[in-house]
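One structure is given below, encoded as structure tokens.
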Amino acid sequence: MEQSSKTVTFSQGVALYMGAVLGSGILILPGYTAELAGPASILSWVILSLVSVPIAFCFARLSLRYKHYGGLSTIVEHAFGRTWSAIVGWFFFVWVSTGQAVVGLTGSGYLVQVFHLPEFAYHGLAFLFLVAALLTNLMGMRASGRVSLFLSGAVLLILVLTILFALPHVEAERFTPFAPHGMGGIGAACVLIFWACFGWESMTHLVPEFRHPERDVMRSMWTSLIIIGAVYVMLSVVTVGTGTYGIGGQGAPLAKLMGDSLGFNAAVATALIACIVCLGTVNVFLASSARLGYSMAIEDKFPRWFGRMNAQGTPVRSMGFMFVTNSLTLAAGAVFHISVDRIIMIPTTLGIFVYVISTLACVRLLWRDPLGRISALLAAVFCLAIVPFAAAHVAVPLIVAVVCVVYMRRKGRTQGQEEG
């Protein structure tokens with residue numbers, strides 16, 4: 001494997017973590033979960049924050065052990081072998097190859113609705129998010145890290161100010177009845193929130209880029225866990241406590257909350273937060289998954305064509321491929337009128353299976369480590385509990401897995417013939 005650039009610092013690591021995890025979900029999920037579970041949605045966010053701890057810890061611990069662009073794919077290989085490693089890698093690559101279109105559509109949907117833009121702008125603006133992230137990443141990891149630091153810092157400042165200025169407007173009566181839809185509502189909110197849990201895995205592919213990984217990876221992870229958990233829970237509290245969901249906050253709940261608390265014009269607030277958050281998320285995911293594609297290509301788990309870096313250390317072919325596939329996803333959505341809630345099930349279902357296999361790998365690899373074993377078991381149990389809710393879309397990972405296994409076997413036969 002080519003030598004990594006090793007430019008990511010502690011602060012950039014925190015920014016990359018936040019860019020990956022504190023993603024497009026922040027725009028819509030607090031409002032959606034409040035509609036599903038009422039004030040009890042706050043409990044769902046607390047559960048998410050607690051469950052994120054063992055997941056993030058296990059992924060960071062093992063990515064430090066192996067320090068490989070393969071990330072979760074490499075972790076799974078050490079636990080279950082080459083075939084399962086390839087399957088997880090393919091799952092993740094296909095997930096990101098379609099999922100960033102969803103991120104772009106989330107941001108552009110906000111902009112189109114608030115500014116009353118024409119319909120074609122919905123997919124056009126989403127495409128611009130992809131273009132901006134592609135150009136940033138082509139300049140190398142140093143530029144990508146700096147952009148993430150700026151974007152994450154800006155969105156954190158805006159969210160903290162929003163929460164602080166909204167707290168005086170929280171009304172106690174809005175928290176009753178606490179669980180109007182019962183445990184079913186809380187469970188449904190937890191499943192929806194799982195989209196917000198994605199992102200911890202993306203950093204496993206970027207550990208080789210850290211300047212001082214042994215010192216900074218775990219510090220970055222713990223710092224991000226605390227910040228992200230606090231922001232999500234408090235944002236949920238003020239969303240419920242101010243009644244900024246349902247009819248009053250429908251479509252752009254965060255923008256309304258920002259407008260009411262900070263005095264911003266809701267349209268300006270929406271444009272600002274949507275652009276920052278969505279660009280930051282796409283930036284991190286393209287960076288991490290491009291390195292996964294590069295790693296898998298040089299290990300013959302993926303076509304060799306993907307195994308090329310430019311002078312700035314960017315896997316240009318993997319990056320370009322994902323840009324094209326996400327662009328095609330946007331085009332398909334525009335031509336065939338496929339809604340975001342249907343597109344999102346492809347990356348979400350693949351993501352759930354990536355997490356299930358990866359957390360089970362963590363159980364095996366960390367079994368002799370008491371803290372690691374407990375963390376891995378907790379992470380695996382939670383991820384397995386989510387699987388039944390993804391059963392309706394299980395065909396997606398099955399198809400990807402079959403294609404992967406067929407490719408691996410044909411590749412193996414070809415190599416055997418060449419050696420013979």
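Structure notes:
- Residues that are surrounded by 15 or more Cβ atoms within 10 Å (Cβ to Cβ) and without any contact (Cβ under 8 Å) to a residue 40 or more places away in the chain within the stretch 321-331 are absent altogether.
- If you go through the stretch 257-298 and keep only what is modelled with pLDDT under 80 and crowded, with 24+ Cβ neighbours inside 10 Å, you end up with LEU257, MET258, ALA269, THR270, ILE273, ALA274.
Quick grid of which residues meet (1) surrounded by 24 or more Cβ atoms within 10 Å (Cβ to Cβ); (2) acidic (Asp, Glu); (3) not in a helix (DSSP H, G or I):
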residue	(1), (2), (3)
LEU43	no, no, no
ILE47	no, no, no
VAL53	no, no, no
TYR69	yes, no, yes
ILE75	yes, no, no
ALA79	no, no, no
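- Filter result for LEU48 (in contact with a His (Cβ under 9 Å, 6 or more places away or on another chain), closer than 20 Å to ALA380 by Cβ and among the aliphatic types (A, V, I, L, M)): no
- Check on SER295, more than 20 Å from VAL103 (Cα to Cα) and either in a helix (DSSP H, G or I) or touching a Lys or Arg at 6+ places or on another chain (Cβ under 8 Å) (or both): yes
- Some residue of the stretch 183-197 being over 18 Å from TRP45 (Cα atoms) and buried (at least 21 other Cβ atoms within 10 Å of the Cβ): no
- Residue count for the stretch 16-61, restricted to those that are within 12 Å of the chain's Cα centre (by Cα) and not aliphatic (A, V, I, L, M): 5
- Qualifying residue in the stretch 190-202 (condition: more than 29 Å from GLY13 (Cβ to Cβ), in a helix (DSSP H, G or I) and either touching a residue at least 60 places away in the same chain (Cβ under 8 Å) or of a type outside the set (Lys, Arg) (or both)): yes
- Qualifying residue in the stretch 128-146 (condition: under 15 Å from LEU22 (Cα atoms), of a type in the set (A, V, I, L, M, F, W, C) and surrounded by 19 or more Cβ atoms within 10 Å (Cβ to Cβ)): no
- In this structure, ILE386 does not satisfy being of a type in the set (A, V, I, L, M), modelled with pLDDT under 95 and over 24 Å from SER63 (Cβ atoms).
- Qualifying residue in the stretch 167-178 (condition: crowded, with 17+ Cβ neighbours inside 10 Å and either closer than 23 Å to MET234 by Cα or not acidic (Asp, Glu) (or both)): no
- Subset of the stretch 109-121 [part of a helix (DSSP H, G or I), farther than 19 Å from MET345 by Cβ and either within 20 Å of the chain's Cα centre (by Cα) or not small (Gly, Ala, Ser) (or both)]: TYR110, LEU111, VAL112, GLN113, VAL114, PHE115, PHE120
- Residues of the stretch 367-385 that turn out to be crowded, with 23+ Cβ neighbours inside 10 Å and more than 24 Å from the chain's Cα centre (by Cα), as a count: 0
- The one condition from (1) surrounded by 18 or more Cβ atoms within 10 Å (Cβ to Cβ); (2) free of Cβ contacts under 8 Å to residues at least 40 places away in the same chain that VAL400 does not meet is (2).
- Number of the exception - PRO315 against (1) more than 18 Å from the chain's Cα centre (by Cα); (2) in contact (Cβ under 8 Å) with a residue 12 or more places away in the chain; (3) surrounded by fewer than 24 Cβ atoms within 10 Å (Cβ to Cβ): (3)
- Residue list for the stretch 211-246, restricted to those being more than 22 Å from the chain's Cα centre (by Cα), outside any loop (DSSP other than H, G, I, E, B) and buried (at least 19 other Cβ atoms within 10 Å of the Cβ): VAL237, VAL238, THR239, VAL240, GLY241
- Exclusive hit being touching a Lys or Arg at 6+ places or on another chain (Cβ under 8 Å) and aliphatic (A, V, I, L, M), set VAL394, VAL363, VAL324: VAL363
The values are calculated or read from the model by the stated rules, or taken from the named source; none is laboratory data. All values derive from a computational prediction rather than experimental measurement. Glycine also receives a Cβ, built like all others from the backbone with ideal geometry; neighbour counts cover every protein chain displayed.
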